[in-house]
Amino acid sequence: MAIQWFPGHMNKARKALEERVADIDVVIEMLDARLPASSANPMIARMTRGRPALKILNKQDLADPAVTALWLDWYRARPGTQAIALDAGEKAPSQKLIAACRELAPNRGGLDKPLRVLICGIPNVGKSTLINSLTGRRIARTGNEPGITKGEQRILLADDFELFDTPGMLWPKIEVPEGGYNLAASGAVGRNALDEEEVVLELLQYLARHYADLLRARYRLDTVEGLQDFELLEAIGRKRGAMLGGGRVNVQKAAEIVLTDFRAAAIGRVSLERPDEWRVWEKRAKEE
Ligand code: G4P
């Protein structure tokens, strides 16, 4: 599968992270709740090893709640790690976030020892949306201040709670092929970097395995069982009138329909990976 990633774009982010990480108490990584492991950035893990970590499973409104619960348990089982699920509809995200960070760094807090928290995540995970919501009427300070690098944002969430947002782009690194497909399905990697049809066939295969009822209901299919991924795509195309001349299905159009539906949760709240599956995929990728 030809999904590209661009190390050059990450240099700025890497430098900013290196500078900031030394005096940080908690590192927040935002993940896509539908694909938490695939949407992680391995560089963040490497550079922040040993630091208390908060994983935010964002866009939980799109994900399967039962699977999100599995992921929360999986992260919470790691030493020094907390995890919360969020979405843009959350009325008071700062309360959840502050509480989780304070739990992770109980010895920090108060004006002489403000809690310093770094937030990072790959593009499209919803970081800007969350930061805008956190900022509210508070002033986000950027650059030209002692201890704040150019382009860096510092948001005071409480008098003794500083949230740093570093500049630069942190791209995912695709080490596990299934993770690449999941990132592509979510829209986190650009259109040019992927073969849309291939991504949709992988997506349909997964959905048929775990969410057959939702697929059947969404596309008014008689059956999903026993259909190969391509047959399924054709059946969806036919039901949706995505046709070419001569009774042939317009496969590209059908693929676009499925992708658009998935991204808007029109098929339903679905997740594309579970912790036990991820373990298997990761192991297989390492062996290959
Ligand atoms: P980023 O800074 O991490 O790159 O992500 P950003 O906040 O720009 O969000 C990326 C897309 O995800 C946006 O949609 C945004 O509205 C959507 N989004 C963010 N948080 C949530 C969430 O919790 N739930 C859902 N369902 N969507 C979320 P977009 O289509 O790119 O733009 P628009 O729809 O806002 O115009």
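The values are calculated or read from the model by the stated rules, or taken from the named source; none is laboratory data. Since we're looking at a predicted model, the values are computed, not measured. Ideal geometry is used to build each Cβ from the backbone, glycine not excepted, and the neighbour counts take in all protein chains shown.
Some notes on this structure:
- Number of residues in the stretch 237-258 that are farther than 15 Å from residue 211 by Cα and in contact (Cβ under 8 Å) with a residue 12 or more places away in the chain: the value is 13.
- Given (1) modelled with pLDDT under 70; (2) in the same structural domain as residue 99 (by TED's automatic domain parsing), index of the condition residue 135 fails: (1)
- Cross-chain or 6+ apart pairs with Cβ under 6 Å, the stretch 120-147 first and in a strand (DSSP E or B) and charged (D, E, K, R), then at pLDDT 55 or above and more than 12 Å from the ligand (Cβ to nearest atom): 141/154
- For the stretch 48-65, the candidate set comprises residues that are outside any strand (DSSP E or B) and farther than 22 Å from residue 183 by Cα; within that set, the residue that is nearest to the ligand (Cβ to nearest atom) is 48.
- Unmet requirement for residue 127, which otherwise passes all of (1) at pLDDT 85 or above; (2) not assigned by TED's automatic domain parsing to the domain that holds residue 15: (2)
- Hits in the stretch 83-137 (condition: within 18 Å of residue 22 (Cα to Cα) and within 16 Å of the ligand (Cβ to nearest atom)): 118, 119, 120
- Subset of the stretch 175-233 (residues that are part of a helix (DSSP H, G or I), buried (at least 19 other Cβ atoms within 10 Å of the Cβ) and within 16 Å of the ligand (Cβ to nearest atom)): 182, 183, 184, 185, 186
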